[in-house]
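The values are calculated or read from the model by the stated rules, or taken from the named source; none is laboratory data. The structure displayed is predicted, hence computed values, not measured ones. So basically every Cβ, Gly included, is an ideal-geometry build from the backbone, and we count neighbours across all protein chains shown.
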Amino acid sequence: MSRHFDHTSPSDQDLLTHYQLTNNIEVLGQLFEQYMHLVYGVCLKYLKEREWAKDGVIRIFEKLVEEIPNHQIDNFKPWLYAITKNFCLMELRSRKSSLEREKKWAEENIVLVDYSFSLHPIDDDNNKGLNTALKNCIEKLKKEQKQCIELFYFDDKCYQEISDISDISLNKVKSYIQNGKRNLKICMEKNHEIHQK
């Protein structure tokens, strides 16, 4: 027989124990809802951006589903605070790493948007031809590489934004962009060789 919990009668421990016994996501939602404003406040403090903080609240709730079965939780509120703080610190570390890699790759001049101009700085017709070749090379990429490349270079999206938009993990986004750039460079160099003959 299931019990109905309202917002005032059960303690955190009651709700937590009930969730651990039943895996009823609504019970976990009721427990989490009481601290949602605190979670959002911590996320906003560390992440600084409202949309990023709102996304963090959702992802932390999803994280609880994974974490609760693996922990002995004696006091839910401080435990939730620790989970939230660690999540934010990991997000900041990930964002910093992504920005540093983006900067490094941009400095390596592998990006092919500028590649056409370095090959033909004067001849506009040739530039147009190479831009067409670039588009054709992009079309030849695998679906995920194409999507990530276009979002990264043409829509100015960062890794995390691409991950959110495409529902692809952050590590895979980075891999698709790196491999996509390599494939584009090979394709463009072959195209250039053909036109030089």
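Scanning segment 67-105 for residues that are aromatic (Phe, Trp, Tyr) and closer than 30 Å to GLN178 by Cα, we see that the one that is modelled with the highest pLDDT is PHE87.
Taking LYS135 as the residue in question, decide whether it is within 30 Å of SER94 (Cβ to Cβ), at pLDDT 60 or above, assigned to a helix (DSSP H, G or I) and of a type in the set (Lys, Arg). Considered against the rule, which asks whether it is within 30 Å of SER94 (Cβ to Cβ), at pLDDT 60 or above, assigned to a helix (DSSP H, G or I) and of a type in the set (Lys, Arg), LYS135 comes out as no.
I'd like the residue in segment 47-86 that is outside any helix (DSSP H, G or I) and under 21 Å from GLN13 (Cα atoms) and, out of all such residues, is nearest to the chain's Cα centre (by Cα).
Filtering segment 47-86 down to residues outside any helix (DSSP H, G or I) leaves 48-49, 71-75.
Within this subset, residues satisfying the condition of being under 21 Å from GLN13 (Cα atoms) are 71-75.
Working: HIS71: 26, GLN72: 30, ILE73: 29, ASP74: 32, ASN75: 31 Å.
Filtering segment 47-86 for residues that are outside any helix (DSSP H, G or I) and under 21 Å from GLN13 (Cα atoms), the one nearest to the chain's Cα centre (by Cα) comes out as HIS71.
Taken as a whole, the structure leaves LEU28 outside the set of residues that are surrounded by fewer than 16 Cβ atoms within 10 Å (Cβ to Cβ) and at pLDDT 90 or above.
Just to be sure I understand, how many residues within segment 162-182 are crowded, with 16+ Cβ neighbours inside 10 Å and without any contact (Cβ under 8 Å) to a residue 12 or more places away in the chain? Qualifying residue count, segment 162-182: 1.
Within segment 138-171, the set of residues being on the phi < 0 side of the Ramachandran plot and in a loop (DSSP other than H, G, I, E, B) comprises LEU141, LYS142, ASP155, LYS157, CYS158, ILE168, SER169.
Given the residues THR22, THR84, which is the only one that is polar (S, T, N, Q) and more than 23 Å from ASP164 (Cα to Cα)? Give the steps one after another, and end with the answer.
Values: THR84 fails: more than 23 Å from ASP164 (Cα to Cα).
Just a single option satisfies the conditions, and that option is THR22.
Going by the structure shown, is LEU44 assigned to a helix (DSSP H, G or I), farther than 22 Å from LYS96 by Cβ, modelled with pLDDT of 90 or more and out of contact with any Gly (no Cβ under 6 Å at 6 or more places or on another chain)?
Working: assigned to a helix (DSSP H, G or I): yes; farther than 22 Å from LYS96 by Cβ: no; modelled with pLDDT of 90 or more: yes; out of contact with any Gly (no Cβ under 6 Å at 6 or more places or on another chain): yes.
Taking the combined requirement at face value, the residue does not satisfy it.
Taking segment 49-66 as the range and being surrounded by 11 or more Cβ atoms within 10 Å (Cβ to Cβ), modelled with pLDDT of 90 or more and of a type in the set (Asp, Glu) as the test, only ASP55 passes.
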